[in-house]
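> Quick one: this structure, given as structure tokens, is what I'll be asking you about.
Just so it is clear, none of the values below were taken in a lab; they were calculated from the coordinates. Since the model is a prediction, treat every value here as computed from it, not as a measurement. Methodologically, a virtual Cβ is constructed for each residue, glycine included, from the backbone with ideal geometry; neighbour enumeration extends over all protein chains shown.
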Amino acid sequence: MFKLLFAVVMLLLSNAVFSAEGVHWEYSGEAGPDNWAKLSPEFGACNGKNQSPINLAGFIEAELEHITFNYKAGTSEVLNNGHTVQINAVPGSSISIDGIQFDLKQFHFHAPSENLINGKSYPMEAHLVHADKDGNLAVVAVMFSEGEKNRGLEKAWGQMPEAGMKQALASSISPTEILPPHRNYYRFNGSLTTPPCSEGVRWLVMKHSITASKEQIEKFAHVMHHPNNRPVQQVNARPVLK
Ligand SMILES: [Zn+2]
């Protein structure tokens with residue numbers, strides 16, 4: 001009985017935290033992506049000209065600098081906010097790009113992938129979300145193909161949380177476990193892919209995919225109960241660098 005009560009309280013608490021903006025949105029129907037901008041004045045950017053995700057194609061050759069990854073392992077927590085399953089990062093992990101340090105805040109998943117590469121959709125995509133000291137965002141995106149199981153996901157999703165639940169991770173996980181060994185990437189300017197769709201986000205999409213097992217991808221899709229990918233947005237005047 002206590003356990004049930006605890007679960008209900010957790011559910012209420014987490015809903016209050018995760019829907020801070022208080023506006024309900026979904027991936028389909030009346031509150032779906034086509035209507036996000038109409039749901040709240042705060043979601044106006046969802047109709048912007050620099051939105052994510054996109055189909056990455058028509059690349060412009062560029063001398064892209066190496067991203068310096070400074071990721072640390074540590075035990076953290078995993079939560080399901082009804083829109084994705086997210087692992088909150090342990091403080092101390094960061095990347096450096098453009099001479100700026102961006103601290104890793106969290107990483108989460110979409111199935112199928114949100115971005116497309118040359119028109120290709122992947123069964124799953126991870127987003128590693130970073131912020132600099134001024135709150136500017138940089139997202140590293142990693143595509144998953146179906147294959148060998150991923151060890152990081154094995155730890156993160158050992159006890160997959162249902163919607164509204166948050167729990168501590170039992171074993172230490174390093175964000176490097178969901179990075180490809182070769183970290184060449186595509187770059188474009190975009191936005192958050194969920195409301196409020198804020199723009200000015202540096203998107204760094206890894207060229208190389210990594211694998212997750214069929215079971216892992218299905219486990220995620222199953223707990224979400226629906227696809228959680230926003231459709232691709234117009235590229236407009238933006239260059240996609242490679
Ligand atoms: Zn995302």
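> Taking 0.36 nm per residue of separation and subtracting the Cα-Cα distance, what length does fully extending residue 47 through residue 236 add?
Residue separation times 0.36 nm, minus the Cα-Cα distance, leaves 66.8 nm.
> Along the Cα-to-Cβ line of residue 136, 7 Å from the Cα, sits a label point; which residues in the stretch 193-234 have backbone N less than 16 Å from it?
Those under the cut-off are 199-204.
> Let me ask you something else. In nanometres, what is the gap between the two model label sites at residue 62 and residue 28, each 7 Å from Cα along Cα-to-Cβ?
So the label points at residue 62 and residue 28 sit 3.6 nm apart.
> Do the alpha carbons of any pairs in 120/166; 120/214; 38/133; 38/207; 49/242 sit beyond 24 Å of each other, and which pairs?
Exceeds cut-off: 120/166; 38/133; 38/207.
> Farthest toward the dipole's positive end in the stretch 54-107, which of 55, 71, 89, given Cβ charges of +1 (Lys, Arg) and -1 (Asp, Glu) about the Cα centre?
The one lying farthest along the dipole's positive direction is 89.
> As an exercise, take the mean of 1/r over every pair of distinct alpha carbons in the stretch 88-242, invert it, and state the Kirkwood radius in angstroms.
One decimal place: 16.2 Å for the Kirkwood radius.
> Please give me the summed charge of the neighbours of residue 238: other residues whose Cβ is under 15 Å from its Cβ, Lys and Arg +1, Asp and Glu -1.
+3
> While we're here: Any chance you could run the full-extension gain for residue 211 through residue 121? It's 0.36 nm times the residue separation minus the Cα-Cα distance, nm to one decimal.
31.0 nm
> Choose one of 100, 171, 182: the residue whose Cα lies farthest towards the positive end of the charge dipole of the stretch 88-183 (beta-carbon charges +1 Lys, Arg; -1 Asp, Glu; about the Cα centre).
171
> I would also like to ask the following. Using mean Cβ contacts within 10 Å as the protection proxy, how do 168-177, 61-70, 140-149 order, highest first?
In decreasing order of mean packing, 168-177, 61-70, 140-149 become 140-149, 168-177, 61-70.
> Continuing with the same structure: If you take every residue apart from residue 172 with its C-beta less than 13 Å away from the C-beta of residue 172, what net charge results, scoring Lys and Arg +1 and Asp and Glu -1?
0
> Under unit Cβ charges (Lys, Arg +1; Asp, Glu -1), what dipole magnitude, rounded to 20 debye, does the stretch 48-224 have relative to its Cα centre?
The dipole of the stretch 48-224 has a size of about 140 debye.
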